[in-house]
Amino acid sequence: MSSRLLCGAGAVATQALSARGPNRVAAVHSMASGGGVPTDDDQATGLEREVMKAARKGPDPYNILAPKAAAGTKEDPNLVPSITKKQIAGCICKGDDSIVILFWLHKGEPQRCPSCGTHYKLVLHQLAH
């Protein structure tokens, strides 16, 4: 068994020695030779490519990023974008809580979370397409 392993290792060494160039320097073959490493734009396809193109045109066209948190007061409510006049919103009242309090938001005045009292306001959002 060990002789087979040594023969295999010898074959690898022979291939490495025969891969030397005309100046007796080992020829280096790389997958990145030629065009270099492709960028994300080069590799993206389908929906990922469409999202990347739209993101270059404007800030967060498909609401992928989390909204910026506000103070949650009546004067500075958390803004909830929606394409309709009412939307279900969820509030995690405590930072380490695993329960989400769901409630309806309607267009107009800011509304409070029924559990903790944080204010939310529905704002109309136009789709990017």
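The values are calculated or read from the model by the stated rules, or taken from the named source; none is laboratory data. Keep in mind it's a predicted model, so treat the numbers as computed, not measured. As a convention, Cβ positions derive from the backbone with ideal geometry for all residues, glycine included, and neighbour counts pool all protein chains shown. Heads up: the accessible areas ignore ligands, DNA and RNA and are worked out on the full protein's heavy atoms, side chains in. Shrake-Rupley method; radii C 1.70, N 1.55, O 1.52, S 1.80 Å.
Let me check I've understood the local charge: for residue 67, count other residues with C-beta under 15 angstrom from its C-beta, Lys and Arg +1, Asp and Glu -1. What total comes out? So the environment of residue 67 carries a net charge of 0.
Summing +1 for each Lys or Arg and -1 for each Asp or Glu, what net charge is found among the other residues whose Cβ lies under 14 Å from the Cβ of residue 82?
On the way: positive: 85, 86, 107, 121; negative: none.
Its environment carries a net charge of +4.
Find the accessible area per residue for region 69-128; the probe is 1.4 Å, ligands and nucleic acids are left out, and the unit is Å². Mind showing how you got there, number by number?
Working: 4180 Å² over 60 residues.
Per residue, region 69-128 has an accessible area of 70 Å².
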